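Reviewing the structure listed below.
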Amino acid sequence: MSTHATLSGLRIVVSAGPTYEDIDPVRFIGNRSSGKMGFAIAQAAARRGAQVVLVAGPVSLPTPDGVQRLDVRSAAQMHEAVLAQLPADVYVGAAAVADFAPAHPAGSKIKKQAGQDTLTLTLVRTRDILADIASHAQRPRLVVGFAAETDHVEAYARGKLENKRLDLIAANRVGVAGSGFESDDNTLNVYAATGDSKVLGPAPKTELADALLDLVAQSLSRH
Ligand code: PMT
């Protein structure tokens, strides 16, 4: 599937895994993500000679060889860690970043009150790492997003490609077996700002990482 184009001399920042947004010291809101997709991309990029920084949310995966790993927990921490890595040639946002976080995390465990049937949380939007990277004064030459969708995959992915001003977006279906989060395999529908599109897979995430990096290398050669 892959031609293994070299990425030697490039600095590539990859985000992976979920973020956890604390409600109190024992509870959080988070997205489902094992980190496998992002870690595979980081590993494959390092094998091709890139200098790779992997900003990882809370996952239990070993650090890929030759990769510098920065562990974070929340969307705010991931935002800060990713932007601190600029300048870079490429950013790949494979992390499942929480879109909302509790407005007022409690300092101690929230206790259930007698007769209480509901609990209302006020959530606030997190900052969009991908959009901020793409509109940054030190914008990487190539900004690659992911889109995790349960339906209308192409329309939503193309919307994110345009709204966030990305060069490429890799859309995957979530909520079905054999693709998306946690599974070892995936299918990526990749859409480019140029209008090109390509389906990668179904295949193991390790293979898809290489196929996606071939598209990255092709796009960079056209820039
Ligand atoms: O980790 P795995 O178990 O292997 O699963 C892989 C995956 C399904 C998590 C991965 O392939 C994937 O789709 N990652 C993106 C998940 C996601 O949050 O998608 P989204 O459509 O909600 O977000 C769109 C893009 O914006 C993503 O690149 C995301 O990283 C980025 N984003 C979102 C919110 C935010 N506050 N900041 C961001 O940068």
Once the in-chain neighbours fewer than 8 apart are removed, the lysines whose Cα is under 18 Å from residue 160 read 198
Rounded to one decimal in nm, the spacing of the 7 Å Cα→Cβ label points at residue 197 and residue 125 is 2.6 nm
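So for the chain, what are the equivalent ellipsoid semi-axes in whole Å, largest first, each being the square root of 5 times an eigenvalue of the Cα gyration tensor? Can you show the working numbers first?
Details: eigenvalues 190, 68, 57 Å².
Largest first, the chain gives 31, 18, 17 Å.
Taking neighbour counts of Cβ atoms within 10 Å as a proxy for exposure, in what order, fewest first, do 154, 149 appear?
By the 10 Å Cβ count, ascending: 154, 149.
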The long-range amide H neighbours of residue 146, using H built 1.01 Å from N in the peptide plane and a cut-off of under 5 Å, are 93, 170
One can check that the equivalent ellipsoid of the range 1-84, built from the alpha-carbon gyration tensor with semi-axes equal to the square roots of five times its eigenvalues, has lengths in Å, largest first, of 27, 13, 9
Looking only at aspartates and glutamates whose Cα falls under 15 Å of residue 112's and that sit 8 or more positions away or on another chain, we get 24
The set of residues whose placed amide H lies less than 5 Å from the amide H of residue 70, leaving out same-chain residues fewer than 5 positions away, is 54, 55, 56
With Rh as the Kirkwood radius over Cα pairs, the range 136-223 has Rg/Rh of 0.97
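Quick check on the exposure proxy: order 60, 197 from fewest to most C-beta atoms within 10 angstrom. It would help to have the intermediate numbers written out before the result.
On the way: 60 7, 197 15.
Fewest-to-most ranking of 60, 197: 60, 197.
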Residues whose modelled amide H sits under 5 Å from the amide H of residue 180, counting only those 5 or more places away in sequence or on another chain, are 173, 187
Here FRET efficiency (C-beta to C-beta, residue 113 to residue 68, R₀ 30 Å, nearest 0.05) is 0.05
Distance in Å, no decimals, from the C-alpha centre of the range 1-74 to the one of the range 117-172 is 17 Å
Full extension between residue 135 and residue 60 adds, at 0.36 nm per residue less the Cα distance, a length in nm of 23.8 nm
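Assuming a viscosity of 0.890 mPa s and a temperature of 25 °C, what translational diffusion coefficient in µm² per second does Stokes-Einstein assign to the range 77-179, Rh being the Kirkwood radius over Cα pairs? Please list the in-between numbers first.
Working: Rh = 16.1 Å.
Estimated via Stokes-Einstein, D reaches 153 µm²/s.
Rank the residues 109, 164, 198 as a footprinting-exposure proxy: fewest other Cβ atoms within 10 Å of their Cβ go first. Could you put the intermediate results ahead of the total?
Numbers: 109 10, 164 20, 198 16.
Sorted ascending by nearby Cβ count, the order is 109, 198, 164.
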For the range 172-177, in residue order, the Karplus 3J(HN,Hα) values (coefficients 6.51, -1.76, 1.60; θ = phi - 60°; whole Hz; Gly and Pro = x) are 9, 7, 10, x, 10, 5
Yeah, the range 61-101 with a ≥ b ≥ c from its alpha-carbon gyration tensor (a/c under 1.5 is rounded, else prolate when a/b outruns b/c, oblate otherwise) is oblate
Scalar couplings 3J(HN,Hα) for the range 56-64 by Karplus 6.51 cos²θ - 1.76 cosθ + 1.60 (θ = phi - 60°), nearest whole Hz, x for Gly and Pro, are 10, x, x, 9, 10, 10, x, 6, x
Hydrophobic long helices for the chain, i.e. whole DSSP H runs reaching 18 angstrom or more by Cα along the axis with Kyte-Doolittle mean at least 0.0, come out as 205-222
Counting only DSSP beta bridges with both partners in the chain, the antiparallel fraction in percent, to the nearest 5, comes to 40 percent
Here, the range 89-132 modelled as identical Cα point scatterers in vacuum has Debye log10 I(q)/I(0) at q = 0.16, 0.17, 0.33 Å⁻¹ of -0.64, -0.68, -1.22
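Each value in this text was obtained by applying a stated rule to the coordinates, not by laboratory testing. Small disclaimer: the values here were computed from a predicted structure and weren't measured. Virtual Cβ from ideal backbone geometry, glycine too; neighbours counted across all protein chains shown.
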